[in-house]
1. Could you tell me the total accessible area buried at the B-A interface, probe 1.4 Å, in square angstrom to the nearest hundred?
2. Kirkwood Rh over alpha-carbon pairs of the range A:40-119, then Stokes-Einstein at 37 °C and 0.692 mPa s: what D in µm² s⁻¹, rounded to an integer?
3. From other protein chains only, count the Cβ atoms within 10 Å of every residue's Cβ in A:30-37, then give the mean.
4. Which whole-Hz couplings ³J(HN,Hα) result when phi for each residue of the range A:52-59 is put into the Karplus expression 6.51 cos²θ - 1.76 cosθ + 1.60, θ = phi - 60°, listed in order with x for Gly and Pro?
5. Using only atoms on other chains, find how many Cβ atoms lie within 10 Å of each Cβ of peptide A:73-80 and report the average.
6. Arranged from highest to lowest average of other beta-carbon atoms within 10 Å per residue, in what order do the peptides A:53-64, A:23-34, B:102-113 appear?
7. With N denoting the number of residues in the range B:102-147, provide Rg(C-alpha) divided by 2.2 N^0.38 Å, to two decimal places.
8. Report, in deg cm²/dmol and to the nearest 500, the calculated mean residue ellipticity at 222 nm for chain B, where each DSSP H run with n ≥ 4 adds -39500 (n - 2.57) and the sum is divided by the residue count.
Amino acid sequence: MEEVKNNAGLHPENSMGQNPGSSSNLGIAALITAVITFVLAVIPCVGLVAIIPGIIAIILASVGLSQANRNNSPRGVLIAGLIIGIIASMISVSQIFVAGKIAQKADHWPTNIQNIIDEVQDNVTRELEDANVSIKIESNGDKVEINTSSGKKDKEKELEDLEGGTWDRDTLKHDTIQKKN
Amino acid sequence: MILYKRKIKTEQNLKISQRLKPYLIINIIFAGIILLIFAYSGFFSPEKDNYPVTCIHETLTGRPCVSCGLSHSFSLIVRGRIDEAYEWNHYGMRIFLFFAGQLVLRVAFSIFYVKYPDTRKQLVIVDCIGSGIIFLVSFWPFITSIF
């Protein structure tokens, strides 16, 4: 009768005084820690930190497995926890390479940004060189329409007329932009 | 003979309870963790920007990574500001839906597990494969950023 009570799971202990349920609990803890580690490991922001729960999961699963081997208790959850923990830890460690990759890409960013700014500046200058301005004013039935061109060729001609055949490129550019504004 | 039968029966019950326990416990703990994530998103305000988690990549390299702004995005989704959430992190909604889906699945699978004992093995297999696929689909942009 005593034997039956022990096997009923009330206080089931083996010859070494260990509870077979403890390896099962360790397995659950290991699996949960491993899955959390896995989810954290694939998020780049916190991926590196995931190595800590990863190691905890591996330790829990290993201790649980050694207990399970002694007790002959089920090992499925423990093995799953161990495998997921190891894979998650490996992914977590690989985040170091991601940091390296980002740093490598970041080195090229200032050059790329400068190139984009130069391109935009060139496009704006080119467009302003041939800009045409049309102003229409209506007041008490009177209509006044002013059409002017800030085109480069027209300005060159105008300046040539004013200065007797000579013109200054910087003045022309400045004037063009002022008119547009 | 009676004692022997009882012994076998109690051993069987013990084995069944041992098999029963882990899946339900794991489901309950995962559901709790997901609820904690939602509580974290709701507690910290996107206006105050007082999130305790900082991006390690940004700290190390000075540049943002693919998951930067995820906490902000989650907080905005919880508050129903979806458009702003997309601006903070393009994949925020996808990850949030994964967690929300998992919360529903944990509850649903736990109910099925208790109600239909005959299909437990199949249920666990379907859960593992299904959740794995959903995880891969949701976190694919982050996974590809690693490799």
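The values are calculated or read from the model by the stated rules, or taken from the named source; none is laboratory data. Model, not experiment: these values are computed from the prediction. Using ideal geometry, Cβ is built from the backbone for each residue, glycine included, and neighbour counts are taken over all protein chains shown. Surface accessibility is based on the protein's heavy atoms, side chains included, excluding ligands, DNA and RNA. Shrake-Rupley method; radii C 1.70, N 1.55, O 1.52, S 1.80 Å.
1. Chains B and A together bury approximately 3000 Å².
2. It diffuses with D of about 218 µm²/s by this estimate.
3. Per residue, the number of nearby Cβ atoms from other chains is 2 on average.
4. Rounded to whole hertz, the list is 5, x, x, 5, 4, 4, 5, 4.
5. For this peptide, the per-residue mean of nearby foreign Cβ atoms is 2.
6. Going by the mean number of other Cβ atoms within 10 Å, highest first, we get A:23-34, A:53-64, B:102-113.
7. Normalised Rg, Cα atoms only: 1.44.
8. Calculated from helices alone, the mean residue ellipticity at 222 nm is -27000 deg cm²/dmol.
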